[in-house]
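Below you'll find the structure, written out as C-alpha cells, and then a few comments.
No value in this document is a laboratory result; all are computed from the given coordinates. All values reported here derive from a predicted model rather than from experimental measurement. Using ideal geometry, Cβ is built from the backbone for each residue, glycine included, and neighbour counts are taken over all protein chains shown.
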Amino acid sequence: MKVYGIDHVQIAMPPGAEERARAFYQDLLGLTEVPKPANLARRGGAWFRSGALMLHLGVEQDFRPARKAHPAFLVEGLAELIGRIHQAGYETLTDVPLEGYERVHVFDPFGNRIELMERI
C-alpha cells in the first residue's frame, strides 16, 4: 500500500458565489472550469483544472475562509501574474524566502489564502 499523489484540493466558498469564483480562478488565474458530475452539481460550487492540478470549490453554509491552511500552485510567469492580480484589485503578500522559488500569497474573493510559486 502507498499514498502516491493528490487527485484534487478542495477549499470552501460561501453559497451563491460561483461567479466570483470563476472571475478569480478562471479569468484571473487562468484555470479552466470543468463540469461537476450531475449528482454533485446541485450542491453548488465549481471545479477547475490546469494540467494535473484539480481544484474544487465546495459550498459551505457556515463559511469561514482558510487564512493559514492553503494550496500552493506552481506557476510560470509569476511576475506577470502578480501584475494581473494587482490590476484586478487584489494584494499580494511576500513571505520569507524559500530556496529555489519566488513566491507570493494572495487571498481569493472569499478570503482563502492561495500561494503562488515559481521555480527559479
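How much length is gained if the chain between residue 1 and residue 90 is pulled fully straight, taking 0.36 nm per residue apart and subtracting their Cα-Cα distance, in nm to one decimal?
On the way: separation 89, 0.36 × 89 = 32.04 nm, distance 4.29 nm.
Stretched fully, the residue 1-residue 90 segment lengthens by 27.8 nm.
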Open item on the list: Let's see if you can work this out: charge +1 on each Lys and Arg Cβ, -1 on each Asp and Glu Cβ, no other charges. What is the dipole magnitude of the chain about its Cα centre, in debye to the nearest 20?
Closed with: 440 debye
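Based solely on its DSSP helices, what 222 nm [θ] is calculated for the chain when runs of n ≥ 4 H residues each add -39,500 (n - 2.57) and the sum is averaged over all residues, nearest 500 deg cm²/dmol? Please report the intermediate quantities before stating the final value.
Working: 3 runs with 18 residues, N = 120.
For the chain, the value works out to -3500 deg cm²/dmol.
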TODO: Using only Cα atoms, figure out Rg for segment 62-120 and give it as a multiple of 2.2 N^0.38 Å.
DONE: 1.13
TODO: Could you tally the net charge around residue 67, taking each other residue with its Cβ under 13 Å from the Cβ of residue 67, Lys/Arg +1 and Asp/Glu -1?
DONE: +1
Task: 0 to 90° range, to nearest 10: angle between helix 78-87 axis and the chain longest Cα axis - done: 60 degrees
Open item on the list: So if the hydrodynamic radius of the chain is defined as the Kirkwood radius over C-alpha pairs, what does Stokes-Einstein give as its diffusion coefficient at 25 °C and 0.890 mPa s, in µm² per second?
Closed with: 162 µm²/s
Open item on the list: If a paramagnetic tag sat 7 Å from the Cα of residue 40 along the Cα-Cβ line, which residues of segment 11-32 would have the backbone N under 16 Å from that point?
Closed with: 11-13, 32
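Report relative contact order for the chain in percent, whole number only (criteria: Cα-Cα under 8 Å, sequence separation at least 6). The partial results should precede the final answer.
Numbers: 197 pairs, mean separation 30.4, N = 120.
Computed value for the chain: 25 percent relative contact order.
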